[in-house]
Amino acid sequence: MTRKHAAKAQDPTLVLRPLTPQLVDALGVVFRGNWGAGCWCMYPRLTAAQMRGLPGSGTATQRWREAMTELARRPIAPGLLAFEGEDAVGWIAIAPRGELARVAASRATPPVDDQEVWVIPCITVRRSARGRGIAVALIGAAVAYAGEHGASIVEAYPRAGAERTADDNVFFGTEPLFR
């Protein structure tokens, strides 16, 4: 998948697109009212000190949004957006583990071996769009996107337990989504 190519999920109305600077406003719509509005998915990418030290003026959230916009300018997108028609309904981040400073430094997610891996550090679907398979479609598309960019291993760290949860802090997904 290239930036000009949109992957279609099993649902013909669902279109998945790599994040570009032109789609950052749509990402903001997905984050609105959810946990992601607070960190713009920069939490897994940066240590606390790095997050505080981001350049720019404005609030921390505005600086994180700008940092995500800069990531979206790269040849490999920092994640994928799901659209139903013109409506942005979901987001999944995907990146090589080495680009995720907080994940790489975490004692909770140590490397299993020396293999280079990509990681899905967060996923969110707008409340109004949940329960329709969008998260599963995003996971499949993210794995395919990583593979198209050389990944042979993709890791995720889903929450164990409940089949469903309303907890907006389950930004890493739940186990059933990854089965």
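Things worth noting here:
- From least to most packed, judged by other beta carbons within 10 angstrom and beginning with the fewest, Cys41, Cys122 follow the order Cys122, Cys41.
- Inter-probe distance in nm under a simple model that places probes 7 Å from Cα toward Cβ, at Ala49 and Ile153: 2.8
- Local charge for Ala67 was computed over the other residues whose Cβ lies under 14 Å away, with Lys and Arg +1 and Asp and Glu -1, and equals +4.
- 17 Å tail of the calculated P(r), the range 59-143, as % of Cα pairs: 57
- Evaluated at q = 0.27 Å⁻¹: base-10 log I(q)/I(0), Debye formula over Cα of the range 38-78: -0.95
Readers should treat all values here as calculations from the given coordinates under stated rules, not as data from a laboratory. What you see is a predicted model; the values in this text were computed from it and never measured. Positions of Cβ are generated from backbone atoms using ideal geometry, with glycine treated the same way; all protein chains shown enter the neighbour counts.
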